[in-house]
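Some notes on the structure that comes next.
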Amino acid sequence: MLIRFTVENFLSFKDEVEFSMVAGRTRQHEDHIVNSGSCNGPKLLKTAVIYGANASGKSNLIKAMAFAKDLIVRGTRSKQNIATQPYRFDLKSRHMPSVFQFDFRCNDHTYTYGFKVDKERVHEEWLYELSSNSRSMIFERETDSHGNTVISPGGLPYTPEQDEQFFRFVATGTRPNQLLLTESLERNVSYFEAIADWFREKLVLVFPDTRPAGIEIAFMNDESFQDQFIQLVKLFDLGIESIKLEDFDFESEHRLPPEVKQQISQDIRELSVDPDSRAIIQIPDLNILVILNDNQDIISKKFKTLHKVTGSDSFERLELTEESDGTQRIFEIIPALFDLLSRDHERVFVIDELDRRLHSMLSYKILELFLSRSEHLRSQLIVTTHEVGILDLDLLRRDEIWFVEKNSLGESTVYSLEEYHPRYDNDIRNGYLSGRFGAIPLLPNRRNLELRG
């Protein structure tokens with residue numbers, strides 16, 4: 001679970017800002033709180049909703065998480081620049097490193113991991129394990145201007161001595177532009193596998209242009225996923241009675257040029273050289289699966305939604321691309337909900353622009369559904385939105401509502417509604433729209449505007 005995230009000197013964040021999932025003092029919706037696992041550990045929130053005007057920096061907060069995750073998971077190549085983006089509207093900041101830090105729970109352990117980087121090198125990197133009243137250094141790393149890496153004394157708890165010796169050997173050979181955590185993973189230092197899995201698998205970032213992969217494959221191979229997917233679609237009252245993954249003639253797909261079809265046919269046959277494997281190629285933009293069957297014939301499948309026809313027992317079948325933008329968006333979000341509500345997984349889903357192409361009631365319903373069905377789960381849902389209909393203390397706690405605001409210098413700040421201590425019976429929606437909490441567009445009086453044709 002995510003405890004907090006801090007970032008400094010990245011995109012619109014000049015000074016350090018902190019986003020926290022630690023529960024505040026409010027006593028409402030106590031079922032929204034998950035105990036961290038330690039009797040003295042922080043109580044954590046299941047969800048957070050982040051508001052802000054256009055270009056305020058709320059998406060930049062998610063981009064900061066994404067940048068840090070990508071650097072950890074993918075790493076860098078030799079002599080490759082690190083693609084950091086420091087705050088640009090201050091000459092000093094342009095030449096200063098960016099700083100990122102995550103506090104998180106992983107396999108009943110609590111860690112603080114962070115790093116300071118510029119385009120050329122990792123200036124500093126640190127990893128601590130936290131307990132109720134202390135923190136134990138696992139490593140601290142510094143890289144000087146000559147590319148020399150210095151590791152401060154620490155230790156890998158619960159590991160044989162030879163593993164720790166190997167880690168120190170790996171540390172001395174880490175490139176200046178590579179994170180030590182990433183290098184340790186590439187060199188199979190086993191202690192960091194669970195930490196890597198948290199960043200790689202459990203922290204899931206969804207941007208407006210993100211298209212979930214594998215929906216059709218899961219729908220075809222997993223009856224439980226298929227049934228629950230259909231139930232969720234019906235829950236959102238989209239007018240869809242059922243969903244089928246139906247065969248169709250791949251060669252008749254006019255949206256694919258002949259040369260692309262030929263290449264797909266060639267690729268799928270090459271993938272099927274292994275007799276024990278079943279080759280499947282997914283074309284996400286067209287919601288198409290291309291499969292080589294047991295007879296070595298190419299078959300294709302695509303989603304069809306079934307709608308009732310008035311005065312008939314039959315159904316009208318529509319391709320997903322024929323459905324409304326809002327319905328297509330729901331199809332994109334449902335896999336995240338399915339994953340969040342699964343007892344077999346622990347996830348931190350961060351969705352930028354939850355309300356994009358969605359009716360306000362659907363945005364509300366998504367959060368309500370997650371909160372009502374996540375009583376015994378340790379997953380978290382964090383979203384950015386403009387949808388003021390969610391500003392409802394019957395749905396959310398004060399400490400679950402966050403704002404991002406940009407000042408006249410282009411600097412973004414992050415703060416919680418908890419700082420304002422509004423009364424439970426206050427209309428926070430009207431308070432937000434009237435500017436009481438900030439983080440809204442400041443529009444000039446139309447009488448002061450002189451528009452010329």
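Summary table
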| item | result |
| --- | --- |
| Boolean, Y424 is modelled with pLDDT of 90 or more and either open to solvent by less than 10 Å² (accessible area, probe 1.4 Å) or not in a helix (DSSP H, G or I) (or both) | no |
| Selection count, the range 155-204, where residues are in contact with a strand residue (DSSP E or B) (Cβ under 9 Å, 6 or more places away or on another chain), outside any helix (DSSP H, G or I) and open to solvent by 30 Å² or more (accessible area, probe 1.4 Å) | 5 |
| Condition check for G114: in a loop (DSSP other than H, G, I, E, B) and either surrounded by 14 or more Cβ atoms within 10 Å (Cβ to Cβ) or touching a helix residue (DSSP H, G or I) at 6+ places or on another chain (Cβ under 8 Å) (or both) | no |
| Looking only at the range 65-81, and only at residues there that are farther than 13 Å from L203 by Cα and not in a loop (DSSP other than H, G, I, E, B), the one that is most open to solvent (accessible area, probe 1.4 Å) | R74 |
| Matching residues in the range 82-104 - criterion: being of a type outside the set (F, W, Y) and open to solvent by 100 Å² or more (accessible area, probe 1.4 Å) | R88, L91, K92, R94, H95 |
| Residues of the range 32-64 satisfying the condition of being modelled with pLDDT of 90 or more, within 23 Å of V388 (Cβ to Cβ) and outside any helix (DSSP H, G or I) | L45, K46, T47, A48, V49, I50, Y51 |
| Every residue from the range 18-31 that is outside any loop (DSSP other than H, G, I, E, B) and open to solvent by less than 10 Å² (accessible area, probe 1.4 Å) | F19 |
| Positions within the range 363-397 being surrounded by fewer than 21 Cβ atoms within 10 Å (Cβ to Cβ) and over 21 Å from K202 (Cβ atoms), in sequence order | Y364, K365, E368, S372, H386, V388, G389, D392, D394, L395 |
| Flag for N107 being free of Cβ contacts under 8 Å to residues at least 40 places away in the same chain, open to solvent by 20 Å² or more (accessible area, probe 1.4 Å) and among the polar types (S, T, N, Q) | no |
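The values are calculated or read from the model by the stated rules, or taken from the named source; none is laboratory data. Just so you know, these numbers come straight off a predicted model, no measurement behind them. We place every Cβ from the backbone using ideal geometry, glycine too, and count neighbours over all the protein chains shown. Keep in mind that these areas ignore ligands, DNA and RNA; they rest on the heavy atoms of the full protein, side chains included. Shrake-Rupley method; radii C 1.70, N 1.55, O 1.52, S 1.80 Å.
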